[in-house]
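Written out below as structure tokens is the structure these notes cover.
What follows draws every value from the coordinates through simple rules; no lab data is involved. Please read all numbers here as calculations on a predicted model, not as lab measurements. Here the Cβ is made from the backbone with ideal geometry for all residues, glycine too, and neighbour counts use every protein chain on show.
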Amino acid sequence: MKDLSPIEKRARSITDWVGSPVSVLVHTIVFAAAFLLSAFGILPLDRMLLVLTTIVSLEAIYLAIFIQMSVNFQREAIAEVEQDLEEIQEDVGEIQEDIEDIQEDVEEIGEDVGELQEDLGEIQEDVEEIGEDLEESEAEEAAEERHKNEQKETLQNIYNALQQLTNDIEKLKK
């Protein structure tokens with residue numbers, strides 16, 4: 001809101017005062033005093049009515065001006081509020097767009113999470129297969145190693161038997 005000039009401040013204070021119960025009381029006292037002055041013969045009725053009418057007319061003119069100034073001020077204040085409301089509505093529209101964008105991003109993230117879960121499941125299956133393949137190859141290697149050891153042992157037994165036969169043949173030749 002704009003700063004008020006001294007005249008505008010005074011106009012507002014006058015219109016505020018005129019609209020108060022104190023103003024009604026002061027005006028009532030002034031009118032009653034004017035009529036009492038006439039009733040007690042201090043002032044002739046025509047002159048009192050002329051002065052009172054002139055004062056009331058001038059007061060009405062100035063009050064109308066002050067009231068119009070207040071109305072103008074209120075109109076400006078309302079225009080500022082309308083402008084603020086328009087800005088707020090624009091901000092709300094932008095926020096709604098941002099929320100829609102965020103919702104789309106959340107949906108995309110949800111889809112990505114679903115895809116990652118599927119990929120993780122596939123990776124888990126692959127790891128299990130690799131583990132099974134490893135177990136199988138380890139079992140095959142172990143069986144192959146046993147088979148080689150058995151062959152070595154058999155060959156060693158054959159060699160030992162041949163050695164024994166060679167020794168026995170040598171003994172028989174002698």
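Annotation: amide H-H contacts under 5 Å for L43 (H modelled 1.01 Å from N, sequence separation of 5 or more, or interchain): S38.
In terms of surrounding Cβ atoms within a 10 Å radius of their Cβ, F31, F66 rank from fewest to most as F31, F66. Residues of segment 1-42 with amide nitrogen under 12 Å from the 7 Å Cα-to-Cβ point of A79? Counting only backbone N, you get 2. Secondary-structure-derived ellipticity at 222 nm for the chain, considering helices only, amounts to -35000 deg cm²/dmol, per-run term -39500 (n - 2.57) for DSSP H runs with n ≥ 4.
For K152, the aspartates and glutamates whose Cα falls under 20 Å of its own Cα, not counting residues fewer than eight places away in the same chain, are E140, E141, E144.
Take the Cα of S20, step 7 Å toward its Cβ, do the same at I7, and the gap between the two points is 2.4 nm. Let me make sure I get this right: for segment 105-153, a, b and c are the square roots of the gyration tensor eigenvalues over alpha carbons, sorted descending. Under 1.5 in a/c it's rounded, otherwise prolate if a/b > b/c, else oblate. Which is it? The shape class here is prolate. Between I169 and E141, the FRET efficiency estimated from the beta carbon spacing at R0 = 35 angstrom works out to 0.30. Set the Cα radius of gyration of segment 1-78 against 2.2 N^0.38 Å, with N its number of residues, and you get 1.43.
Each 10 Å bin from zero holds the following percent of Cα-Cα pairs in segment 6-127: 10, 18, 15, 11, 9, 8, 8, 7, 6, 4, 2, 1, 0.
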